[in-house]
Amino acid sequence: MKKITILLMLFSFTISFAQFSEDFNGTNAAFPPAGWAVYNGANGLGTVEQWVQAGTDPEFRPQSGFEVVTAGMVAEDFIVSPLIPINATQNLLRFLATDFNQGDFGSILSIQVSTTSQTDPNSFTEIETFNEAQLGNPAPNSAVFSQFEVNLGAYVGQSVYIAFVHRQNDGDFITFDNVEVVQGATAVPNDITRPTPADMASGVAISTADANADNVPDNSVNFAWQVSALGQAADQIEFFLGDSPTTLQSLGTLAGTATTVTLPRFFEGTTYYWQVVPGNSFGPSTTQPVWSFTTMTGTTIAPGTVSNPTPADTATVPLETTDVDMDGSPDNAITFMWTEPSGDPVEIYTFSLGTSPTDLSLFTTGIVGPASSFRLSGVPDNTTFYWKLDAENLGGENTSSPVWEFTTGITASVNDEEINFMTLSPNPATDYINLNTELAIDDIVLTNALGQSISNNLKLENNRLNVSSLKNGLYFLSATSELGTQTIRFIKQ
């Protein structure tokens, strides 16, 4: 059974009282605030950028920029609180934070604690980290603050210095605000009860309404439960779903006060297992039961297997260079076609693609049936790909599609051959790659072996590109100058 993603905001509901707090505000406020310290890490790197005062008087906050340091190393910028006693009523660190730019440039916000020194970076112990995906700014948002919490319960009875450390090498801007240390939970929440569907229920209805208006029946089930009004409040509820009690997958988190959620893509006559686990700063419940239910039986016949693929298995196919999207560049596309399977009509196809027959990646579940073609742009040339196409409807999912193979090929034109204004070094690359050219670079685009764009906000400094955050593999760098666009393959190690 496929993982279904819950796209819901986390909403914390706790009653607590701040004992230590710092909002960094005030007319002409000094920075750092009294009792705070700012300095570089033990390796001494990153002296150009440190934590500085940002904002508009009187609303201020700390902010740390990025800079390029020695390859393979990282800069550490410390801003450290005064000494804070940790006790039964002051044991949970809470603050707001965000990074600035969309995409992941490898920055880490590290929360560290020392019981002995405010200014010796070697005395600190890291207790939590937040990467850019967690700090995150998905499009189209930018610099949107989220609340974060760190449990300091291990230090009850001691006094600590708390360090906010920006760790990066040509990373991103990071900022935080409204720091407070409050009373955290003293026990996990009580278990959730009264599930709907009831445990071991059968004949559970599936709604075929199209609530999200994507022209595909939702095939959804509504879940509900009761949160305990006794004991410690839940900050969040994690939802798990699976086709056996031992293979549950986390679908994400809901607000601690949530009592219902509706999920799509269920099949007739199928048994599912689910669990809703409440948690707070003390931890998640460890005694929450797993419930099961079986959906209604029906007459829908699950799809058969897709056949007659185009590209044909093991074929070599030219890329389609027509500029269908009218962006001024060749699409370099492949049109996939197939014969619809037997069974009742397909509601949705799942398309998987990869450069290894044993390591296919889910590419899209957005091909609405009935359909018999799909066009994929931005495909690299001279590359062997493997693909499969699974079909589903209310009656079930057919995952027995063969894995087919094809190789892309494109014949360079005279103009293509003339566009040769740069080289890349080193290649393979580990941390950085240099664009060696005498021309000005107007734009760069980085794609992986599947033709997926890695980032459209790459930072090129002095014709040097930071690739340290990329996973190992094959990539394509396209650079545009006054002569046109040149694409070069390179390997990240």
*Would you list the strands (runs of 3 or more DSSP E) that sit entirely within the range 299-342 and hold 2 or more residues that are touching a residue at least 40 places away in the same chain (Cβ under 8 Å), assigned by TED's automatic domain parsing to the domain that holds residue 270 and surrounded by fewer than 13 Cβ atoms within 10 Å (Cβ to Cβ)?*
none
*Test residue 374 against the stated conditions and say whether it is part of a strand (DSSP E or B), in contact with a Ser or Thr (Cβ under 7 Å, 6 or more places away or on another chain) and among the aromatic types (Phe, Trp, Tyr).*
no
*Do any residues in the range 67-88 that are surrounded by fewer than 16 Cβ atoms within 10 Å (Cβ to Cβ) have Cβ atoms under 7 Å from those of residues that are of a type in the set (D, E, K, R), where the two are at least six apart or on different chains, and which pairs are they?*
71/431; 72/431
*Looking at the range 270-277, is at least one residue hydroxyl-bearing (Ser, Thr, Tyr) and exposed (fewer than 14 other Cβ atoms within 10 Å of the Cβ)?*
yes
*Check whether at least one residue in the range 87-104 is farther than 16 Å from residue 164 by Cα and at pLDDT 95 or above, and report yes or no.*
no
*For the range 93-132, enumerate the residues that are aliphatic (A, V, I, L, M) and in contact with an Asp or Glu (Cβ under 6 Å, 6 or more places away or on another chain).*
96, 111
*Can you tell me which residue within the range 89-132, out of those that are hydrophobic (A, V, I, L, M, F, W, C) and outside any strand (DSSP E or B), is surrounded by the fewest Cβ atoms within 10 Å (Cβ to Cβ)?*
100
*Out of 124, 164, 105, 100, which single residue is farther than 23 Å from residue 43 by Cβ and in contact with a Phe, Trp or Tyr (Cβ under 9 Å, 6 or more places away or on another chain)?*
100
*May I ask you to list the residues in the range 353-366 that are surrounded by fewer than 18 Cβ atoms within 10 Å (Cβ to Cβ) and either of a type in the set (D, E, K, R) or within 27 Å of residue 213 (Cβ to Cβ) (or both)?*
359, 362, 364, 365, 366
_Residue satisfying all of: in the range 39-62; hydroxyl-bearing (Ser, Thr, Tyr) and outside any loop (DSSP other than H, G, I, E, B); surrounded by the most Cβ atoms within 10 Å (Cβ to Cβ) among these_ = 39
_Could you check the range 20-50 and list, in sequence order, the residues that are among the aliphatic types (A, V, I, L, M) and more than 29 Å from residue 183 (Cα to Cα)?_
42, 45, 48
*Just need a number here: residues in the range 224-263 that are under 22 Å from the mean Cα position of the chain (by Cα), of a type in the set (Gly, Ala, Ser) and within 19 Å of residue 290 (Cβ to Cβ).*
3
*Among 202, 207, which is of a type outside the set (Val, Ile, Thr), touching an Asp or Glu at 6+ places or on another chain (Cβ under 7 Å), surrounded by fewer than 19 Cβ atoms within 10 Å (Cβ to Cβ) and not assigned by TED's automatic domain parsing to the domain that holds residue 365?*
207
*Looking only at residues in the range 21-38 that are assigned to a strand (DSSP E or B) and within 31 Å of the chain's Cα centre (by Cα), which one is surrounded by the most Cβ atoms within 10 Å (Cβ to Cβ)?*
22
_Tally up the residues in the range 345-368 that are part of a loop (DSSP other than H, G, I, E, B), touching a residue at least 12 places away in the same chain (Cβ under 8 Å) and over 16 Å from residue 265 (Cα atoms), please._
4
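The values are calculated or read from the model by the stated rules, or taken from the named source; none is laboratory data. Keep in mind it's a predicted model, so treat the numbers as computed, not measured. Methodologically, a virtual Cβ is constructed for each residue, glycine included, from the backbone with ideal geometry; neighbour enumeration extends over all protein chains shown.
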